[in-house]
Amino acid sequence: MDGVRGRTVVVTGGGRGIGAALARRFAAGGARVAVNDLDADSARCVAAETGGVAVPGDAATVVPAARAALGGTVDIFCANAGCAHEGGPEADEASWAASWDLNVMAHVRAARELLPEWLERGEGRFIATVSAAGLLTMVGSAPYSVTKHAAYGFAEWLSATYRHRGVAVHAVCPEGVRTGMLRAGGATGELVLAPGAIEPEAVADAVFDALADERFLVTPHPDTARSYAFRAADPDGWLARMNRLQEKVETRLAEREG
């Protein structure tokens, strides 16, 4: 797939943050973009800004409406919508279910809709915004960490299964990004992610670098890949380091509350 000019693109969660940055970047490259978001006003605003079309609603069921809005074809799908719930096993069932549904099953349902067309014509591109939590973990949020691992696993499976048939897959794994999700992440996000946070536009730039290189793994923060390699080479050492980070967070939270 040469470049993005003239291509049709769907961006879920496109009304703000990384999604809006991706929509703007694709539009600047000459693509026609369908902006999906639960917030209809935000979707319409970004669509108007980028010369695209707004397709508000649930990211898990957006493909048919987006395909129709784009004239019958989707060339590139950005599975960007996601949610983050704090807590561990004690997090309520609704938080776990919402995390699984949006962070994982929305990707599965989109792929189910897209793959027959892509396999028939021998090309298509699936870009999954996974998060570094899918490679590593995120202290303070088991639902987010677990479902992002699953999202990464699904993207990896898609690539392993369909690469030879023309389907390109990219897993985007940023750490902290200055978005509403980070601001809503509470003290843990502030302590762990905010110090090294980057702008959403930097994530979009990293995605386009990966498109040019046909590279599966997109790590906008350079330390992510090194941490991932450390995790694979020395799981116990990595877990010990993460546990020290958890202890640090607990200490800082206790100091704040004290």
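Examine segment 130-150 for a residue that is under 25 Å from Gly3 (Cβ atoms) and either among the hydroxyl-bearing types (Ser, Thr, Tyr) or touching a strand residue (DSSP E or B) at 6+ places or on another chain (Cβ under 6 Å) (or both), and state whether such a residue exists. Yes: one or more hits.
Matching residues to (1) buried (at least 19 other Cβ atoms within 10 Å of the Cβ); (2) touching a helix residue (DSSP H, G or I) at 6+ places or on another chain (Cβ under 6 Å):
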| site | (1), (2) |
| --- | --- |
| Asp92 | no, no |
| Ala97 | no, no |
| Leu102 | yes, no |
| Ala106 | yes, yes |
| Arg112 | no, no |
| Glu123 | no, no |
| Ile127 | yes, no |
| Ser145 | yes, yes |
| His164 | no, no |
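Filtering segment 13-43 to residues that are in contact (Cβ under 8 Å) with a residue 40 or more places away in the chain, surrounded by 24 or more Cβ atoms within 10 Å (Cβ to Cβ), assigned to a loop (DSSP other than H, G, I, E, B) and out of contact with any strand residue (DSSP E or B) (no Cβ under 6 Å at 6 or more places or on another chain) leaves Gly13, Asn36, Asp37.
Inclusion of Val139 among residues that are farther than 30 Å from Ala225 by Cα, under 19 Å from the mean Cα position of the chain (by Cα) and open to solvent by less than 30 Å² (accessible area, probe 1.4 Å) is not warranted. Annotation: of all residues in segment 168-205 being at pLDDT 95 or above and more than 13 Å from the chain's Cα centre (by Cα), the one that is farthest from Leu253 (Cα to Cα) is Ala168. So Arg231 ticks every box in (1) within 25 Å of Phe77 (Cα to Cα); (2) in a helix (DSSP H, G or I) but one. Which box is left unticked? With respect to (1) within 25 Å of Phe77 (Cα to Cα); (2) in a helix (DSSP H, G or I), Arg231 is out only on (1).
The values are calculated or read from the model by the stated rules, or taken from the named source; none is laboratory data. Keep in mind it's a predicted model, so treat the numbers as computed, not measured. Here the Cβ is made from the backbone with ideal geometry for all residues, glycine too, and neighbour counts use every protein chain on show. For accessibility, only protein heavy atoms count, side chains too; no ligands or nucleic acids. Shrake-Rupley method; radii C 1.70, N 1.55, O 1.52, S 1.80 Å.
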